[in-house]
Every structure is written in C-alpha cells, then in structure tokens.
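Heads up: the structure comes next, in structure tokens.
The values are calculated or read from the model by the stated rules, or taken from the named source; none is laboratory data. The structure displayed is predicted, hence computed values, not measured ones. Quick reminder, even Gly has a Cβ in these numbers, built from the backbone with ideal geometry, and neighbours come from all protein chains shown.
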Amino acid sequence: MNTQDFLDLELKYGAHNYHPLPVVLCKGDGVFVWDVEGKKYYDFLSAYSAVNQGHCHPRIIDSLQKQSTLLTLTSRAFHNNVLGEFEKYTSSLFGYDKLLPMNTGAEGVETAIKLCRKWAYEKKGIASNKAKIIVFDGNFHGRTTTVISFSNDPDARKNFGPYTPGFISVEYNNLAAVEKVLIEDPLVSGILIEPIQGEAGVKVPVDGFLYELKKLCEKFGVLFIGDEIQTGIARTGKMLACDHENVKPDILILGKALSGGVFPVSAVLADDHIMLCIKPGEHGSTYGGNPLGCKVAMTALQIVKDENLCEKAEFLGAIFRKDLSNLSSPLIKEVRGKGLLNAIEVNDSAESKTAWNICLELKQRGLLAKPTHGNIIRFAPPLVITEEQLMDCVDIIKNVFDSYKK
C-alpha cells in the first residue's frame, strides 16, 4: 500500500474530524519520522508537544515493555504497586501535596474544572451551582462539551449546543479586563489559563502578566488554574511556562509530554486544601493511574532532567527565533514564541491557503509543520534536537520562504 491507499482507507472508514497533511507516517526515532514510502522528515510539531523527549525514546520504550509484561491495568477498584510511586515522584517534582491521575489533556481540564467548583462550594462558600470560572478569548483546552462551551472557535462550537454555563471569557493578556470581572462578580472561583496560547498561534503574554494575574487571584480569593498540557514539561525552556514568572498555579494540569508521547497520561496537581474536596466516587477513570502509564510517565519526566531538556529548549529556542527573525521575506508578518514553542504568522489572511501551501512545500523538503488559525505555522520540534539539526531546519524554512510565491 502507498500513501494514497492509506489516505483512501481513512477517508472511507474514519470520521472526518481532522484535516491532516497528506503524509502517512510509519516510523519515528528522535527528531525524525518516516513515511510509508521511506521518506525521512524532521518532525516540527512533536504531536502538539507530546513528543518532547523525541520519538520512541529507548528508555521510555524500555519502561513500557518491562511494565507491560508485569501488569497493565487494575482499574482503581484495587491498588497497584506503581501508582503511589508515580504520585510521590510527580507531586514532589512540581511541589504539590497531591496528584489526581487521568489519561488525556481534555480529561485533565474537566477534572480541574470540577475540582475548582467543588472547592468553591465547600471552601469559598459560594452557593451551590453558582460558581463561575474566568477563561480567555482564543483559548484551547480540548473539545469536550464543557470545554467547547467557553471556546470562541466557531468550528468547535457550531451545532454542538446547548452549552455548559458558568464561564466568563475575557481578552487574553488584558489584566484590567480580568480585574473588572473580579470586582463585579463575587461568584468567580477560578481563572483557567494557558500561559502561552498554543493552538491560537503561540500567543505569548507580555512579561509580568502571569505574575500579576496570580496576585489578582490571591487578592480576590480565586484559584489560578494553569493548563500546562502543551507548554509544560520543558517545552518553553522551563519545566513549566509559569516558571518564567515564578508563578505556582493553585491547580496544575499536565498531559502530552508527561509520557513522552508513548502512552496517554495526564494529571491534575493541587495541595490538600483543594484536592481533598473530591471524595471517593465523585470523580475517576478506569485507566487513570494505570501502572503502565505511571511507569512510563516517571521515566519520561526523569529524562527531561537527565538530558537537560529545559536548558536545551531555552538555548536553541533563542537561536531559532533570532535566525527566523532575520529572514527578509515579505510573507513573514511576525516570529514569536518561547523556548522551542514558536510560530511564524504568515502575512496573508486567515482564509488564504498560503500557510497551508508553505507547509506542503516544507513537507516536500523534509520538514513537517502544520498551520493553525489559517495563517500561523507552529514550529515545535522534539527537545532532543541538536543545534546542527536545528540549523539545517532553519535553512529549509528559509529556502521555502525565499522561493514561495503567493
């Protein structure tokens, strides 16, 4: 079977809920992936930052294989001998009392919302079913019914109502707008934020925004909920993007690279006064906390430390942005990002095919990236990339922009 055969197979038998680039991958190793025809590519999406440690990292695969021969799933009806170890390792690493394990990022967000609401009623004293959470325009926290209820992406929302109430959306990076809501509405119990909006096009807030936002949370007695599913685990040059401003979320959501892209693992972390609001039977998951995922996640986190991936991301990200900013193409409107989470905003309308066509040309030259919001191309390679490999990719990107004509 060739590429078109696989594309046809998906088109006929799969739901049409994604629009991928026309490439069919069958192998990955480090920063590289290969298609079914054997062509090799640099992966500059990293499964939306799930593969920070590189494809099929041998230590993660070894942990997966060893645990898979011992015990894979017990459900939470019983204890297993890996969960407590994972909870201790991860909560200690990030500085929290407790961890609640789940599987996917969207599940993590749903968990954090439930936890915030439970805390609001039992600790803050808000009347039952009245709690509200501030979110931000342009947010992306998943595609569950609750999450799309506070999205302003028409593709995510249209014809999926009725929507879940209890959310107030304000302009991202606008501290005054947040403070106005907090002053006027005493029912606000939490603020849910991506420290950098990835899906919106790698929108980085101004310096100090997260710090001042946390101060507002403390002043008004609301919880700071940090969605670090995409920005966490070294992607931006720190273990968490919030670390750049020394902000510790009251509730932290992790996913994606928590397992190095090998197994679905997500987690919500909080201190006892928040986490213990949830009692037995009030939340859970059959696969959440399974020994396979726990073992893989501990190895994935240890690799970040052992291989200095935070430092690598910070160092190489600065080089990447500097070199891309020096490109003189009229097609480049802006280069932005932090660490190795970066984007080029293409100087064309969001409705145009320019960014898509540029990505097709990048693919032809051996680099895989994908547009978001029509005219923004996100560049997020695995953090194990070397400086030499990064410069090779900069040359590919430069040559495409130099040669591309609208």
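For Leu99, state whether it is assigned by TED's automatic domain parsing to the domain that holds Leu240 and in contact with an Asp or Glu (Cβ under 8 Å, 6 or more places away or on another chain).
yes
Looking only at the range 320-355, which residues are more than 15 Å from Phe44 (Cβ to Cβ), part of a helix (DSSP H, G or I) and not charged (D, E, K, R)?
Ser325, Thr354, listed by residue number.
Condition (residue is in contact with an Asp or Glu (Cβ under 9 Å, 6 or more places away or on another chain) and among the acidic types (Asp, Glu)) applied to the range 118-135: is it met by at least one residue?
Scanning the range 118-135 turns up no residue that is in contact with an Asp or Glu (Cβ under 9 Å, 6 or more places away or on another chain) and among the acidic types (Asp, Glu).
Quick check on my filter: what residues within the range 311-341 are surrounded by 22 or more Cβ atoms within 10 Å (Cβ to Cβ) and closer than 23 Å to His57 by Cβ?
Ala313, Gly317, Phe320, Gly339, Leu340, Leu341
Give the number of residues within the range 140-156 that are surrounded by 16 or more Cβ atoms within 10 Å (Cβ to Cβ), without any contact (Cβ under 8 Å) to a residue 24 or more places away in the chain and in a loop (DSSP other than H, G, I, E, B).
3
Do the conditions hold for Lys295, that is, is it without any contact (Cβ under 8 Å) to a residue 40 or more places away in the chain and either among the charged types (D, E, K, R) or not assigned by TED's automatic domain parsing to the domain that holds Arg76 (or both)?
No, not satisfied.
Check every one of the strands (runs of 3 or more DSSP E) wholly within the range 35-139 and list those with 1 or more residues that are under 15 Å from Val265 (Cα atoms).
98-102
Consider Asn174 carefully, then state whether it is assigned by TED's automatic domain parsing to the domain that holds Leu276, free of Cβ contacts under 8 Å to residues at least 12 places away in the same chain, surrounded by 14 or more Cβ atoms within 10 Å (Cβ to Cβ) and farther than 17 Å from Pro249 by Cα.
Taking the combined requirement at face value, the residue satisfies it.
Out of all the residues in the range 371-381, is one or more outside any loop (DSSP other than H, G, I, E, B), closer than 19 Å to Phe32 by Cβ and not assigned by TED's automatic domain parsing to the domain that holds Asp153?
yes
As an exercise: evaluate Lys215 against (1) under 30 Å from Leu64 (Cβ atoms); (2) free of Cβ contacts under 8 Å to residues at least 12 places away in the same chain and give the number of the one condition it does not meet.
Against the list (1) under 30 Å from Leu64 (Cβ atoms); (2) free of Cβ contacts under 8 Å to residues at least 12 places away in the same chain, Lys215 comes up short only on (1).
Look at Glu361 and say whether it is farther than 20 Å from Gly84 by Cα, under 24 Å from the mean Cα position of the chain (by Cα), modelled with pLDDT of 95 or more and among the acidic types (Asp, Glu).
no
So, of the residues in the range 237-278 that are charged (D, E, K, R) and touching a helix residue (DSSP H, G or I) at 6+ places or on another chain (Cβ under 6 Å), which turns out to be surrounded by the fewest Cβ atoms within 10 Å (Cβ to Cβ)?
Taking the candidates together, the pick is Glu245.
May I ask you to list the residues in the range 1-34 that are closer than 24 Å to Ile396 by Cβ and assigned to a loop (DSSP other than H, G, I, E, B)?
Passing the criteria: His19, Pro20, Leu21, Pro22, Val23, Val24, Val31.
Just to verify a result, which residue in the range 358-370, among those that are basic (Lys, Arg) and either without any contact (Cβ under 8 Å) to a residue 40 or more places away in the chain or part of a strand (DSSP E or B) (or both), is surrounded by the most Cβ atoms within 10 Å (Cβ to Cβ)?
The extreme case among them is Lys370.
Taking only pairs six or more apart or across chains, which ones have beta-carbon atoms under 7 Å, a first residue in the range 15-26 that is assigned by TED's automatic domain parsing to the domain that holds Lys363, and a second residue that is part of a loop (DSSP other than H, G, I, E, B)?
From the range 15-26, the pairs are Val24/Val36; Cys26/Val36.
So which residues in the range 82-105 are over 18 Å from Lys305 (Cα atoms) and among the acidic types (Asp, Glu), if there are any at all?
Asp97 - this is the single residue of the range 82-105 that is over 18 Å from Lys305 (Cα atoms) and among the acidic types (Asp, Glu).
Among (1) surrounded by fewer than 16 Cβ atoms within 10 Å (Cβ to Cβ); (2) within 24 Å of Val24 (Cα to Cα); (3) out of contact with any helix residue (DSSP H, G or I) (no Cβ under 8 Å at 6 or more places or on another chain), there is one condition Ala355 misses while meeting the rest; what is its number?
(1)
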